[in-house]
Amino acid sequence: MKLKKTITRTDLLILIAVLITAGIMLIITNSNEPAIADIIIKGETVHSADLSSVKEDYTLTLDNGITVEISEGKIKIISSDCNGKDCIKCGELSSPGDMAVCVPNFTVIKLRGAEKAPMDAITY
Amino acid sequence: MKKKRTSKAYFPALTGIFGALALALSFIERLILSAFPLPMGIKPGFSNIIVMFVCSALGPLPAIGIAVIKAAFAALLSGVSAGIISLTGGVLSVLTMSLMLKISKKRLSYTGISVISAVMHNLGQTLAASLLTGSSLFLGYMPVLLLTGAVFGTVTGITLNITMPYLMKLNIFDHKK
């Protein structure tokens, strides 16, 4: 076999490059501003909630059977009829950039910053 | 003297055998994940060890065959959308790894190639999920898919680096001699 070493210098460079990019992306996408949650089905926003102004917790059942719980500063998917339940595993979303996705139901919950348009934060 | 394997059934048969192995690893992975769940539906992708081994030992076509088998399995177990996501990620990662295996020479070991193809696998999956849901998921998933690609790609690569010399001694790979 041609490839013998367990890890070469180029391997390490690639690994470090990927990890650094991940770190930069993490810093860029992470912020603690108050967030607005958009519930998007098939590319269309069906509901928006300003999470900082939620006084009382409430649940919202979407047409496709997904139930969302919204409380002050937080939103999470609490039930869904899909197979994988990956959307529930996304857990609680609280800061801009957080996402919960349910592909079988074509549903995405995305959090964006309340002040700026979402793209302003990542312009480079 | 070694027999020459010229039968047309040689590659399809091996693809089937390794496809079954990949499914077995997927199943074990499901068992492990049900005991120790990872957030956001992250999966280690142990079956990619098989895909990469096949891509390297038999070539890209049987490896794509295994990606298709894996996708069919995912579609049966978790629905059509899971199958589409699995197929897009699988095919993109096989294409990347066969290209890397060709051009990398001795600069990269399986570890580097595996990390790159793991990242491409995740990008392909995100692309499919973005198209299916109709909204771009790249930004939110980027850190996660890069990190998991790096971690599990390294695991896959190191496993292959260690096991490959022994596996290549198996009698079934005579076609290369």
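The values are calculated or read from the model by the stated rules, or taken from the named source; none is laboratory data. Here the structure is a predicted model, which is why all the values come from computation and not from measurement. We place every Cβ from the backbone using ideal geometry, glycine too, and count neighbours over all the protein chains shown. Ligands, DNA and RNA are stripped out before the accessible areas are found, and what is left, the full protein with its side chains, is counted by its heavy atoms. Shrake-Rupley method; radii C 1.70, N 1.55, O 1.52, S 1.80 Å.
Worth pointing out:
- Within a Gaussian network of chain B (alpha carbon springs, distance under 10 Å), most fluctuating of B:I49, B:I17, B:I158: B:I17
- Applying both filters, DSSP loop and at most 10 other Cβ atoms within 10 Å, to the GluC sites (Glu not before Pro) of the stretch A:16-103 gives A:E56.
- Whole-Å semi-axes of the stretch A:1-71's equivalent ellipsoid (Cα gyration tensor): 44, 18, 10
- Qualifying trypsin sites (Lys or Arg not before Pro) in the stretch B:104-154, DSSP loop, other Cβ atoms within 10 Å at most 10: B:K105
- Cleavage-rule hits (trypsin sites (Lys or Arg not before Pro)) in the stretch B:5-96: DSSP loop, at most 12 neighbouring Cβ within 10 angstrom: B:K8
- What the phi angles of the stretch B:62-68 give under the Karplus curve with 6.51, -1.76 and 1.60, with θ = phi - 60°, is a coupling list of x, 5, 5, x, 5, 4, 5 Hz, glycine and proline written as x.
- Remark: accessible area buried at the B-A interface is about 3200 Å², both chains counted, probe radius 1.4 Å.
- Taking trypsin sites (Lys or Arg not before Pro) as exposed when their DSSP state is a loop state and no more than 10 other Cβ atoms lie within 10 Å, the longest site-free interval of chain A runs over A:56-124.
- Gaussian network model of chain B, Cα within-10 Å springs - most flexible of B:L160, B:L76, B:L145: B:L76
- If only the Cβ of Lys and Arg carry +1 and only the Cβ of Asp and Glu carry -1, the dipole of the stretch A:33-114 around its Cα centre is close to 200 debye.
- Isotropic mean projected area of the C-alpha convex hull, the stretch A:33-114 (nm²): 4.5
- Within chain A, A:C82, A:C90 have no other Cys Cβ under 4.7 Å of their Cβ and so lack a disulfide-compatible partner by this rule.
- Cα-projected label distance for B:I28 with B:L131, points at 7 Å along beta-carbon direction, nm: 3.2
- Pairs from the list A:K85/B:K43; B:K70/B:K106; A:K85/B:K70; A:K74/A:K110 with a Cα-Cα gap above 22 Å: B:K70/B:K106.
- Fluctuation leader among A:I28, A:I70, A:I41 - chain A, Gaussian network, Cα springs under 10 angstrom: A:I28
- Label zone at A:A114 (point 7 Å along Cα-to-Cβ), backbone N below 19 Å, the stretch A:74-103: A:74-76, A:93-99
- P(r) weight above 23 Å for chain B, C-alpha pairs, percent: 39
- Over the protein assembly as shown, volume per residue of the alpha carbon convex hull, in Å³: 131
- Each of A:S71, A:A114, A:G91 was scored by the projection of its Cα onto the charge dipole of the stretch A:33-114, and the greatest displacement toward the positive side belongs to A:G91; charges sit on the C-beta of Lys, Arg, Asp and Glu.
- Expected 222 nm ellipticity per residue - DSSP helices of 4 or more, -39500 (n - 2.57), all of chain B, to 500: -26000 deg cm²/dmol
- Put a plus charge on the Cβ of each Lys and Arg, a minus charge on the Cβ of each Asp and Glu, and nothing anywhere else: the dipole of chain B about its Cα centre is then about 960 debye.
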